Every structure is written in C-alpha cells, then in structure tokens.
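Reviewing the structure listed below.
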Amino acid sequence: MDISINTPASPLPCQRAYSLSMVIRSFKGRRDVEVHLFRSRWNRSEESESDYTGLIEQAPSAPKTVLPEGRKVILESFTADERDLIVNYLKEQYSTRLTAIRSNPLDFPVPAGLAGFTEVQPGKDAGFIEFKKIPSYPLDFPLKGYFDLSRHLPLVNED
C-alpha cells in the first residue's frame, strides 16, 4: 500500500487543514475506487465561533455578518492528529484492501462557494461509506467517505 502524507511548505493558518483519501482495490464491482474522507458532523459552536478571516476567499459584496460559504470544506477537514489516527486505523483494518492512502494540506484561502461533501447528495453511481456504522470503528469522531463509481473502471470488461 502506498501512503503519501504531504506536509505543508509553510505553517498553516488553522489546525483543521488536511484532506484525506483512500483507494480501495475493488469496491462495488469497480477497481481502484478513490474515496474522499471527511468529518460528517461537528458542533454548531465550532462552526459559528470559528474565525474564517483569511481562510476563505470573500466576495467584496458578501455581508460580513453571514458565515462564509466554503467554511464546510474546512470543517470537514482533519487536524494533523485526526489524520494520523485515521491513517493508522486504515492501515490496521484495511491494509489488504487498500492500494493507497493520501493526505494533502488544503490550499488557503479556500475558494468562496466551494461545496463540502456534506452538501452532496448520493446518486446512482455516487454515495457514502459511513464508518460509524462499522462495528469495529474505534475513533470518537464521525467519519464518512464519498465515492463516485462512474469515475472508475469495472472489475470485468464489459463487451
């Protein structure tokens, strides 16, 4: 399994700043399915009391009293400690099923209006893995993974 954890070139403006994905060898009839991992819930106070100044591009016309769009991308991201816990969990639990685990720091400022995974609706080929429903899931924060099967080759060639 290839594990790639990229560290930032300079200090990050906030702690919740790491994206994380995994590649599943075979999943729902597809090969090498990339799954984007994210925090699926957080406290309302964490969302409303966070200072997003400089973290999200703001349109000049946007009212300063409204929570900026794009904040969910940050709230869904992981701290370095959370990222490390998840990577260790995935290595221990799914080492034979995964081909890769990747983590990158977010690019700041986050583009205004960028939708988070919590705003995406599942579809015919896209959906979510809910880790909290897995009996052996040991972490104390909710973790989900978003996948889109239409972006991956089938296990068997369709002729």
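The values are calculated or read from the model by the stated rules, or taken from the named source; none is laboratory data. Owing to the predicted nature of the structure, the values given are computational and were not obtained by experimental measurement. Using ideal geometry, Cβ is built from the backbone for each residue, glycine included, and neighbour counts are taken over all protein chains shown. Accessible surface areas use protein heavy atoms only, side chains included; no ligands, DNA or RNA. Shrake-Rupley method; radii C 1.70, N 1.55, O 1.52, S 1.80 Å.
Some points to look at:
- When we screen D2, D107 for residues that are over 19 Å from K144 (Cα atoms), open to solvent by 80 Å² or more (accessible area, probe 1.4 Å) and in contact with a Ser or Thr (Cβ under 9 Å, 6 or more places away or on another chain), the only hit is D2.
- The test for being assigned to a loop (DSSP other than H, G, I, E, B), in contact (Cβ under 8 Å) with a residue 60 or more places away in the chain and crowded, with 18+ Cβ neighbours inside 10 Å holds for R16.
- A search for C-beta distances below 6 Å between a residue of the range 101-115 that is under 13 Å from H36 (Cβ atoms) and at pLDDT 95 or above and any residue that is open to solvent by 60 Å² or more (accessible area, probe 1.4 Å) and not in a loop (DSSP other than H, G, I, E, B), counting only pairs 6+ apart in sequence or on different chains, returns I101/I3; S103/I5.
- Of the residues screened, S19 is not one that is at pLDDT below 95, more than 30 Å from V156 (Cβ to Cβ) and touching a Leu at 6+ places or on another chain (Cβ under 8 Å).
- Test: residue in the range 131-143 that is without any contact (Cβ under 8 Å) to a residue 40 or more places away in the chain, buried (at least 17 other Cβ atoms within 10 Å of the Cβ) and either charged (D, E, K, R) or not in a loop (DSSP other than H, G, I, E, B) (or both): yes
- Residue match in the range 77-88 (condition: touching a helix residue (DSSP H, G or I) at 6+ places or on another chain (Cβ under 8 Å) and surrounded by 13 or more Cβ atoms within 10 Å (Cβ to Cβ)): yes
- Top-ranked residue in the range 31-58 [being open to solvent by less than 80 Å² (accessible area, probe 1.4 Å), out of contact with any Ser or Thr (no Cβ under 9 Å at 6 or more places or on another chain) and outside any loop (DSSP other than H, G, I, E, B); ranked as nearest to H152 (Cα to Cα)]: I56
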